[in-house]
Structure formats: C-alpha cells, structure tokens
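Remarks on the structure that follows.
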Amino acid sequence: MTMQKTPPPLDPKAPLVADARTMSRAPGTTKEWSADVPLTENLGLDMIAIPAGEVLSLRLRLTSVSEGILVTGTVSAPVRGECGRCLTAIEDTLEVDVTELYAFEGSTTAETTDEDEVMRLRDDLIDLEPLVRDALVFAMPNTPLCRPDCPGLCPDCGTPWDELPDDHGHEIVDPRWAQLKKLL
Ligand SMILES: [Zn+2]
Ligand SMILES: [Zn+2]
C-alpha cells in the first residue's frame, strides 16, 4: 500500500478559495467570482514585487465543463520595484489573464493526469492561490525597467544619464598634469 500525501482540507471561507459546491455541473453553467484580497506578505522577486498590504483584485468566471470547472478572468495588483538600470522607483499595475481547468475529483481527467498537470477541485472547492501566485510572479519582469530605453547610470559618477547633459563625461586627468596646469 502506498501512502498518499493528502493536502489539508480547504477552508471555504478562505479569501482565495472559490466555492463551487452549489454550482450546477451542467456544462455551460457560469458563475461570476470576484474578490479583493489584501496580501499578507510580499509577493514577487528581488527587484519587483507586490508589497504586503496591497490588494489583489480577482475578476473571475467559473464555467462548468464536462470534466471540471474552468476558471477564466483577470487578476491585477499594484507592483513596486526598482529600475534594473537606473534604480529609479517603479510603480505599476500588473494585470494578468488567467485560464485554468480544475478537474472534478473522480473525473476521467483527474484519473488520467497528474495533479501538477491539471489542478483539482477539492471537496468542490477551488484553491485559487497557486494560480494567482504563479500568474502574477510569472508576469513580473526579471529585469524591471522604468522605460524600455532607459539609458541607465554613468559608470563613473553613478548619476542617471537622464539627469546629465549630452556632453557629460569624465576627463581622467593625470595628477602631474593637474599640477602643471595650476602653474600655468
Ligand atoms: Zn531606468
Ligand atoms: Zn558621470
């Protein structure tokens, strides 16, 4: 007998759990599902993240299909970060379209796929957290930029090129010449 790891039961009242218990399984039945969920901890990468306390907006639709429930819609949230070239603060909004099938327990799909290929309903509840988390983090750029053609910083003085005149440069003056200049 193999021991199967059973995840703890979902809480139908949890903010990122959609309740499909009362939803008809007749294919084509839809249910709008919206939520505004404050984040309890930062979600993201080093250079860019959704800070704790910001609100994730979920505007989703659940649709009964023959093998499960299809979740479609958009997830959006404010992101804060730093430009990877000039270190200017970035404030933006991420908006991501999501589409994910949650297979009914005992359906052919559930029996012929692995759980990491197709998500599952659990007790007719849908755990939206992995979907929302992955969609948002995947949409974040590895190197965020304040704008696509950001010129970055002057390598010698570290000032953003945007704040410098076009002819900005650093003359490397030999100290001996500097002395000579003074004398002249
Ligand atoms: Zn920049
Ligand atoms: Zn410089």
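The values are calculated or read from the model by the stated rules, or taken from the named source; none is laboratory data. None of these values were measured; they are calculated from a predicted model. In this analysis, Cβ positions are derived from the backbone assuming ideal geometry, glycine residues included, and neighbour counts consider all displayed protein chains. All accessible areas refer to the heavy atoms of the entire protein, side chains included, with ligands and DNA or RNA removed. Shrake-Rupley method; radii C 1.70, N 1.55, O 1.52, S 1.80 Å.
In cubic angstrom, how much convex hull volume per residue do the alpha carbon atoms of the stretch 75-184 span?
Details: hull volume 16.2 nm³, N = 110.
That works out to 147 Å³ per residue.
Using a simple spin-label model with points 7 Å from Cα along the Cα→Cβ vector, what separation in nm is obtained for residue 30 and residue 6?
Between residue 30 and residue 6, the label points sit 3.6 nm apart.
How much of the pair distance distribution for the stretch 121-184 lies past 20 Å, counting alpha-carbon pairs only, in percent?
64 percent
Assigning unit charges at the beta carbon (Lys, Arg +1; Asp, Glu -1) and nothing else, what dipole magnitude in debye, to the nearest 20, does the chain show about its Cα centre?
Working: 16 positive and 33 negative charges, 44 e Å.
About 220 debye.
As I understand it, the value is the acute angle between the Cα axis of helix 129-139 and the longest principal axis of the Cα atoms of the chain; what does it come to in degrees, rounded to 10?
The angle comes out at about 30 degrees.
Under the Kirkwood approximation for Rh and a Cα-based Rg, what ratio Rg/Rh is obtained for the chain?
Computed over Cα atoms, the ratio is 1.28.
Roughly speaking, to the nearest percent, how much of the stretch 17-151's 1.4 Å accessible area is carbon and sulfur?
That share works out to 46 percent.
Return the distance in nm (one decimal) between the two label points of a simple spin-label model at residue 176 and residue 45, each offset 7 Å from Cα along Cα→Cβ.
Output for this residue pair reads 4.9 nm.
Give, in nm to one decimal, the length gained when the segment between residue 70 and residue 142 is fully stretched (0.36 nm per residue of separation minus the Cα-Cα distance).
Fully extending the segment from residue 70 to residue 142 adds 23.0 nm.
At 1.4 Å probe radius, can you tell me the per residue accessible area of the stretch 17-151 in Å²?
Numbers: 7250 Å² over 135 residues.
Value returned for the stretch 17-151: 54 Å² of accessible area per residue.
Considering Cα pairs under 8 angstrom that are at least six residues apart, work out the relative contact order of the stretch 17-151 and quote it in whole percent.
Computed over the stretch 17-151, the figure is 25 percent.
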